[in-house]
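The block underneath contains the structure these notes are about, expressed in structure tokens.
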Amino acid sequence: MPSHIQSLLLAATTIYHAIACWLEDKNPPPGRLIDVGNYNLHLYTKGERKDKASPTVVLEHSLGGIEGYFLIDELAKLGQVCIYDRAGFGWSDISPYSRTSQNMVMELDLLLNNAGIEPPYIFVGNSFGSYNVRLYAHRFPEKVIGMVLSDALHEVGMLKMPWILQGLKYFFASGFLMSVFGAILGIIRLFKIMGAFELLKPELRRFPQVVRQYAIRSFCRPQHWLTMAQ
């Protein structure tokens, strides 16, 4: 394909992506934007607590996924459930602080306090999210009465991995940074339109379109991939 045609196509996808983001941002998020100190985090809550002693389930997602949106409807039948977008993901703003578990845990606690979500909590941590929920329970043991860990990771085990495997994080980080440009140029959004996410994960088709959009929307944004790399 001639280079000028390629340039025109990239310009078209970039402009389309910018317009699509602008239109998406005109629609309100499904939850609330909570101020945690000059930036907002998105908190989506469903269900009701039976009484003040009943726990609230808090979903902490994996490194780049926002899979909790697929669980919240079923879990809300049992009580109050919260999912939040960590800073840089979904509808949440980028945080001015480094992406360490310590900072993310403090942001989460501030979010729950400012949103009026009172303890006790049961945390569900998936993959990378298991780091954060374990640290939260360590920092605030009086607020946590239970944890569910899925595909959990442990920092000691990760440090004991062979150096070649530890080096993979730099490989993945470089891929995330490349995806930043893919998002800016609208290429990832084009994949979304073509149904690439459903092709890679056919189980997504089991969920309503609106729920799928909650989870997939973030992947089209450059800040999603930049935050993953951080």
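Computed values, structure above
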{"item": "Verdict on Phe191 being over 18 Å from Ser92 (Cα atoms), touching a residue at least 40 places away in the same chain (Cβ under 8 Å) and not hydroxyl-bearing (Ser, Thr, Tyr)", "result": "no"}
{"item": "Selection within region 193-230 - under 14 Å from the mean Cα position of the chain (by Cα), in a loop (DSSP other than H, G, I, E, B) and modelled with pLDDT of 80 or more", "result": "Arg221"}
{"item": "Residue match in region 20-35 (condition: surrounded by fewer than 12 Cβ atoms within 10 Å (Cβ to Cβ), of a type in the set (Phe, Trp, Tyr) and over 19 Å from the mean Cα position of the chain (by Cα))", "result": "yes"}
{"item": "Qualifying residue in region 157-170 (condition: among the hydroxyl-bearing types (Ser, Thr, Tyr) and either in contact with a Leu (Cβ under 8 Å, 6 or more places away or on another chain) or touching a residue at least 24 places away in the same chain (Cβ under 8 Å) (or both))", "result": "no"}
{"item": "Residue in region 123-142 that is modelled with pLDDT of 90 or more, surrounded by fewer than 18 Cβ atoms within 10 Å (Cβ to Cβ) and among the basic types (Lys, Arg) present", "result": "yes"}
{"item": "Index of the failed condition, Ile187 passing every other in (1) surrounded by fewer than 19 Cβ atoms within 10 Å (Cβ to Cβ); (2) of a type in the set (Val, Ile, Thr); (3) over 30 Å from Thr13 (Cα atoms)", "result": "(3)"}
{"item": "Meets criteria (within 25 Å of Ser150 (Cβ to Cβ), surrounded by fewer than 21 Cβ atoms within 10 Å (Cβ to Cβ), acidic (Asp, Glu) and free of Cβ contacts under 8 Å to residues at least 40 places away in the same chain) for Glu67", "result": "no"}
{"item": "Lone qualifier among Phe181, Phe171, Phe176 - being at pLDDT below 85 and buried (at least 16 other Cβ atoms within 10 Å of the Cβ)", "result": "Phe176"}
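The values are calculated or read from the model by the stated rules, or taken from the named source; none is laboratory data. A quick note: this is a predicted structure, and the numbers were derived from the prediction, not measured. Counting neighbours? That spans all protein chains shown, and the Cβs are built from the backbone with ideal geometry, glycine included.
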